[in-house]
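Every number here is computed from the coordinates shown, using simple stated rules; none is lab data. The structure presented is a predicted model; accordingly, all values stated were derived computationally and were not measured. Reconstructed Cβ throughout: ideal geometry from the backbone, glycine too, with neighbour counts over all protein chains shown.
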Amino acid sequence: METKEMICILCPLGCKMQVKEKPDRPGELSVRGQQCKLGVDYAYDEYTNPTRTVTSTVVIHNAHLPRLPVKTDKPIPKKLVFQAVDEISRVEIKGPVKIGTVIIENLLGTDSNLIATRTLE
Ligand code: SF4
């Protein structure tokens, strides 16, 4: 079984971990290098279903800035990040917008909404 190198991003220590599937127990992982149990949970998530929160900006008209910062309110599957960025790049909205406003509901069917991360008058 191939060993994957991973860095836990759950705290500033950034433990460098070695992760591989146990040959005699499919689905179970051997995790080394973590300094706490959170690293094991992170390794399982990252190994089986890696996700990312997407942050970006969209074009906004009638506001005092030309672009509105946005992010997904939940992480989405890592494999959909480029598709999500492409979708977000085509969005244009009209101001004003309040922080937390949903810009795209259920982005790419992920059950995650794209929301405004600041208010623009
Ligand atoms: S394994 Fe624990 S101590 Fe290490 S980076 Fe992750 S959360 Fe921090």
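Under 22 Å between C-alpha atoms is the cut-off here; go through the stretch 1-96 and count lysine pairs that meet it, provided they're at least eight residues apart or on different chains. Total qualifying Lys-Lys pairs in the stretch 1-96 comes to 14.
Antiparallel beta bridges, as assigned by DSSP with both residues in the chain, represent about 90 percent of the total such bridges. Rounded to whole numbers, the Karplus 3J(HN,Hα) couplings from phi for the stretch 70-86 are 9, 7, 7, 7, 9, x, 10, x, 4, 5, 9, 4, 5, 4, 5, 4, 4 Hz, using 6.51 cos²θ - 1.76 cosθ + 1.60 with θ = phi - 60°, and x at Gly and Pro. With the Cα gyration tensor of the stretch 33-90 giving a ≥ b ≥ c as the square roots of its eigenvalues, does the rule (a/c under 1.5 for rounded; else a/b larger than b/c for prolate; else oblate) give rounded, prolate or oblate? Prolate. Modelled spin-label separation between GLU105 and LYS78, with each label point placed 7 Å from Cα along the Cα-to-Cβ direction: 3.1 nm. Between ARG118 and GLN35, the modelled label-to-label distance comes to 3.3 nm, taking each label 7 Å out from Cα in the direction of the beta carbon.
Calculated mean residue ellipticity, 222 nm, the chain: -5000 deg cm²/dmol, from DSSP H runs (n ≥ 4) at -39500 (n - 2.57) each, averaged per residue and rounded to 500.
Phi angles of the stretch 2-17 translate, via the Karplus equation with coefficients 6.51, -1.76, 1.60 and θ = phi - 60°, into HN-Hα couplings of 6, 8, 9, 8, 9, 10, 6, 10, 7, 8, x, 5, x, 4, 8, 10 Hz per residue; Gly and Pro are given as x.
Please find the FRET efficiency linking VAL91 to MET1, where r is the Cβ-Cβ separation and R0 is fixed at 25 Å, and quote it to the nearest 0.05. Here the calculated transfer efficiency is 0.05. Seen from all directions on average, the chain presents a Cα convex hull projection of 8.9 nm².
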